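Read the structure below first, then the notes.
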Amino acid sequence: MMMDLCELSPSYVRSIAPYQPGKPIAELAREMGLDERGIVKLASNENPRGIGPRTRAAVEAAIGEIARYPDGNGFELKQALAKRYHVDMASVVLGNGSNDVLELVALAFLGPGRAAVFAQHCFAVYPLATQARGARSIVVAAKNSAPDLEAMARAIDDETYVAWIANPNNPTGTFARHEEIEAFLRRVPERVLVVLDEAYNEYLPPELRSDTVKLIKRHPNLVITRTFSKAYGLAGLRVGYALAHPSVADVMNRVRQPFNVNSVALAAATAALDDMEFVARSYALNLQGMKQIEEGARALGLSYIPSHGNFITVQVGKAGEIYKRLLRRSVIVRPVTGYGLPEHLRITIGTAEENEKFLGALAAALKE
């Protein structure tokens with residue numbers, strides 16, 4: 001009888017449930033015989049505006065050099081990020097999307113006999129990255145759909161080396177203010193790395209924005225991660241980064257693959273970082289779209305979790321069934337049962353036309 005080679009992997013790896021991304025448009029078209037051009041995807045928190053002309057020009061220029069390996073150190077992008085955030089280049093770690101950077105934290109600082117703490121309804125990568133290293137997960141109940149930072153601090157034990165916090169949180173969109181984050185940092189032991197995942201930072205209103213990067217000087221155990229996949233529109237190129245104390249960044253770079261960010265992505269991200277007009281317009285479009293979806297949800301008698309990202313999580317009842325009905329109407333959203341929210345769907349904010357199609361499909365799905 002042939003050996004099951006799966007059994008050769010560690011038990012904690014075999015028990016991982018793989019991450020489930022949002023359904024691609026082409027896949028839905030194949031499954032249901034739909035016209036791709038009529039499908040609206042509001043499942044993966046992408047920027048409906050695409051990319052700006054400055055970024056497109058950088059991509060086109062970089063294509064001519066794709067026969068060569070990229071700069072393994074990402075010098076130009078690191079330099080631009082260091083200048084933007086007033087940090088040393090040694091504090092910057094680049095990744096193949098911010099997911100990659102999160103994995104680097106786990107790879108560098110977690111392992112068997114160690115633990116990580118995170119909240120209920122957290123981003124799926126936190127438990128996955130923790131479990132993949134053989135570390136123990138400490139899951140703390142959410143408070144009003146948000147991470148309960150006080151409870152998370154109390155849950156830290158002698159084996160805890162990482163605390164994962166998404167702010168705004170995905171998939172609930174909740175937000176912890178600057179003073180709450182700093183209070184948490186003051187409470188946790190210095191040996192615990194606090195990973196502050198700010199993937200949706202650019203969608204915060206001005207009154208909630210703060211310079212969290214400055215906290216690294218007072219709290220060298222803080223790691224801030226951000227991405228170019230959301231407001232900058234580069235989800236398909238996969239570029240993320242971490243800002244950390246140089247000693248922490250050094251360890252993360254030791255386990256980083258040397259060419260983990262490709263040359264086109266490096267060029268696009270460097271150009272996108274300076275295109276603040278594009279980001280500002282993306283923020284404005286998201287603000288309008290959020291209001292449109294909120295008003296539509298209220299008109300349908302549905303409750304939702306107020307969000308500070310480019311998505312909103314709406315309570316629809318039998319979410320799995322509503323999700324399938326929406327697919328039949330050429331609308332893709334995101335079920336969040338796996339996040340402990342079986343009655344909710346997460347909807348990315350799209351263009352006005354996309355939002356309108358979703359709301360019309362949702363109204364019909366609820367009546368079906």
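The values are calculated or read from the model by the stated rules, or taken from the named source; none is laboratory data. This is a predicted model, so every value here is computed, not measured. Note that we place each Cβ from the backbone using ideal geometry, even for glycine, and neighbour counts take in every protein chain shown. SASA here: full protein model, heavy atoms, side chains in, ligands and nucleic acids out. Shrake-Rupley method; radii C 1.70, N 1.55, O 1.52, S 1.80 Å.
Okay, here's what the table says:
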quantity	calculated
Test: residue in region 78-99 that is among the charged types (D, E, K, R) and at pLDDT below 95	no
Of the criteria (1) open to solvent by less than 20 Å² (accessible area, probe 1.4 Å); (2) hydroxyl-bearing (Ser, Thr, Tyr); (3) within 25 Å of Phe311 (Cβ to Cβ), which one Thr160 fails	(3)
Matching option when the condition is over 24 Å from Pro206 (Cα atoms), out of contact with any Asp or Glu (no Cβ under 8 Å at 6 or more places or on another chain) and of a type in the set (Gly, Ala, Ser), among Gly350, Gly338	Gly338
From the options Val264, Val255, Val279, Val314, residue that is under 15 Å from Thr172 (Cβ atoms), of a type in the set (A, V, I, L, M, F, W, C) and touching a helix residue (DSSP H, G or I) at 6+ places or on another chain (Cβ under 6 Å)	Val314
Every residue from region 17-56 that is open to solvent by 70 Å² or more (accessible area, probe 1.4 Å) and not in a loop (DSSP other than H, G, I, E, B)	Arg30, Glu31, Met32, Glu36, Arg37, Pro53, Arg54, Arg56
Failed item, numbered, when Glu198 is tested on (1) free of Cβ contacts under 8 Å to residues at least 40 places away in the same chain; (2) acidic (Asp, Glu); (3) open to solvent by 30 Å² or more (accessible area, probe 1.4 Å)	(3)
Residue check for Glu180: over 16 Å from Asp197 (Cβ atoms), over 16 Å from the mean Cα position of the chain (by Cα) and open to solvent by 10 Å² or more (accessible area, probe 1.4 Å)	no
Matching residues in region 153-170 - criterion: being closer than 26 Å to Gln315 by Cα and either part of a strand (DSSP E or B) or among the aliphatic types (A, V, I, L, M) (or both)	Trp164, Ile165, Ala166
Phe123 being closer than 16 Å to Arg254 by Cα and aromatic (Phe, Trp, Tyr)	no
Options Val139, Val87, Val101: the member that is more than 18 Å from the chain's Cα centre (by Cα) and under 17 Å from Val223 (Cβ atoms)	Val87
Single residue of region 1-16 satisfying the filter (touching a residue at least 24 places away in the same chain (Cβ under 8 Å) and surrounded by 10 or more Cβ atoms within 10 Å (Cβ to Cβ)) that is farthest from Gln131 (Cα to Cα)	Pro10
Residue list for region 321-336, restricted to those being assigned to a helix (DSSP H, G or I), over 13 Å from Leu366 (Cβ atoms) and open to solvent by less than 40 Å² (accessible area, probe 1.4 Å)	Leu327
Leading residue by the ranking (nearest to the chain's Cα centre (by Cα)) among those in region 352-368 that are exposed (fewer than 15 other Cβ atoms within 10 Å of the Cβ) and modelled with pLDDT of 95 or more	Ala352
Condition broken by Tyr339, with the remaining ones in (1) modelled with pLDDT of 95 or more; (2) more than 29 Å from Gln79 (Cβ to Cβ); (3) crowded, with 19+ Cβ neighbours inside 10 Å satisfied	(1)
